[in-house]
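Values quoted throughout were computed directly from the atomic coordinates according to the rules given, and no laboratory measurement underlies them. Keep in mind that what you see is a predicted model, and the values were worked out from it rather than measured. Counting neighbours? That spans all protein chains shown, and the Cβs are built from the backbone with ideal geometry, glycine included.
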Amino acid sequence: MGKQGARLGGLFVVPALLLGALAPPAGAQDYEREKRWAAEIQQTLMVGEAAWLQQKNGHRFIALHTAAQRPRGAAIIAHGRGWSPDFELYGSLRTKLAEAGYTTLSIQLPVLPSTAILGLYVPLYPDARERFQLAVDFLKAKGYRNIAIVSHSLGATMANQYLIRTEDTSVGAWVFIGILQGLEEMYRIRIPVLDVFGSRDWVVTMWGADERRKQIEKNPASGQVIVQDAQHFFEDREDELVRIVVAFLDRAFSAAAPG
């Protein structure tokens, strides 16, 4: 599963809830920014199709559905802070995972203006949890039973918040890539998880890597991979990242019924 580097010393990571307490009040979500992302995506979309999911407040957000020919399962792709579901790494993940046999649904998570600091996103976690659930429901309606979340950066933090609070047990595996703010309440997450980051990743991601490993390896099906020389967005390392993700998902779903 890729090359592994030396383990990093466990350092204290500020919990997300504390970051929220220290942050100034969050402004309204930037729905206009979402709208611009969606318009740009639709103008250039060549692989997959756009779907629209509607929240309880009536807001509709874009999701990119890319079907595998003979799917072994499906993966919800969750992007990092302020990006779109087709931006660079996320476009690569959604298309390359589909080519490798996993249908993908890359969802638009809530965004704030580009100047917003990380802590301002904490009040948006409930909105993100609703979007994850709508994505799960979409895939279940398509008949998928092997459902995973493949998430990056702040999207991984938001996926963590969803998984520790949802009562839906449909998600059977979770990959978090370059997670921010550490992990919360891992004892609530009993599914196989994979922690992936680069040896040249952001410092905030590498902090606490040893502690994360201790938490997740309580489940023998879980693990941690450090990709040598990879940066936070895995520039020019997307193929290696996809191989790591696919190998993990294949193992995680090996005992389950096909897709």
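From its DSSP helices (H runs of at least four residues, each -39,500 (n - 2.57)), the chain gives a residue-normalised ellipticity at 222 nm of -10000 deg cm²/dmol.
Could you tell me whether region 70-159 comes out rounded, prolate or oblate from its Cα gyration tensor? Rule is a ≥ b ≥ c as square roots of the eigenvalues, rounded for a/c under 1.5, then prolate if a/b exceeds b/c, otherwise oblate. Cα axes put region 70-159 in the oblate bin.
Once the chain from Thr115 to Asp250 is taken as fully extended at 0.36 nm per residue, the excess over their C-alpha distance is 44.7 nm. Protection proxy ranking of 148-154, 121-127, by the mean of other Cβ atoms within 10 Å over each peptide's residues and highest first, is 148-154, 121-127.
Segment Val203..Gln54, full-extension length gain: 50.0 nm, with 0.36 nm per residue of separation and the alpha-carbon distance subtracted.
Length gain on complete extension for the stretch Asp210 to Met46, per 0.36 nm per residue less the alpha carbon to alpha carbon distance?
55.0 nm
Using the Cβ-Cβ distance between Arg36 and Tyr187 with R0 set to 25 Å, the FRET efficiency works out to roughly 0.05.
Only lysine pairs 8 or more places apart or on separate chains count here, and in the chain those with Cα atoms under 28 Å apart total 11.
Bridges between two residues of the chain, per DSSP, are antiparallel at a rate of about 30%. Here each label is just a point 7 Å from Cα along the line to Cβ, and for Ile164 and Ala28 those points are 3.1 nm apart.
When each full DSSP H helix of the chain is screened for a Cα extent of at least 18 Å along its own axis and an average Kyte-Doolittle hydropathy of at least -0.5, the helices passing are 125-141, 238-252.
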